[in-house]
Amino acid sequence: MAFDTPNGTRGARQPGRSRLERWGNQRMVESLRRKGDRRGTKLVLVTLGRKTGTERMTPVRWFPDVGESRLIVASASGAPRNPSWYYNMAAHPDRVRIEFAGQRIDVTPQQLHGAERDAAWQRIKSSARGFARYERITDREIPVIRLTPRAGVEPRHPAGNEGGRDE
């Protein structure tokens, strides 16, 4: 299905605009890529910039889905605009991957719609109440994206560390 959620007209300040936020996100990306997080609920989303073609890395929270799939939310903290990674993913869906704890997994993104999106959104809100707040402060429908590992593609580990451990 298409990545077709329009921007809204009201909401919180768009995140990631200040130098401090960008610095903090970069530190989080480095840590998540190397060792993951304690709870195992965050990953690094890697997309290709739709205008620049440059690889972009964004830390995001994920939620379990069917099988090996994961759900992520294009909340932008309740901002009126969808996050940049949403548009990057739509422009280059074949170049999306996730990284965490030394693993790299090529994924296929799919935006959920209708009853499937609504059911997933309810599960997400029940496990992470902050997302309900984002829904209240913006007038756009917050996209829910399913990331499914690509068939026939094994998770990759950084070069020289195939087992994910130092030997």
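No value in this document is a laboratory result; all are computed from the given coordinates. The shown structure was predicted, so the numbers you read here are calculated from the model rather than taken from an experiment. Cβ placement follows ideal geometry from the backbone for every residue including glycine, while neighbour counts extend to all protein chains displayed.
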inquiry  = 5 Å is the cut-off here: which amide hydrogens, built 1.01 Å from N in the peptide plane, fall below it relative to Thr108, excluding neighbours closer than 5 in sequence?
reply    = Thr148, Arg150
key: Order of Ser75, Ser31, Ser127 - criterion: other Cβ atoms within 10 Å of each residue's Cβ, fewest first   = Ser127, Ser31, Ser75
key: Computed log₁₀ I(q)/I(0) - Debye formula, equal Cα scatterers, no solvent, segment 19-149, q 0.17 Å⁻¹   = -0.93
remark   = Taking Leu45, Leu112 and counting other beta carbon atoms within 10 angstrom, the fewest-first order is Leu112, Leu45
task = Rank the residues Lys42, Lys51 as a footprinting-exposure proxy: fewest other Cβ atoms within 10 Å of their Cβ go first.
result = Lys51, Lys42
ask   = Using θ = phi - 60° and the Karplus form 6.51 cos²θ - 1.76 cosθ + 1.60, what ³J(HN,Hα) does each residue of segment 69-76 get, whole Hz, x for Gly and Pro?
value = 6, 10, 10, 10, 10, 8, 7, 6
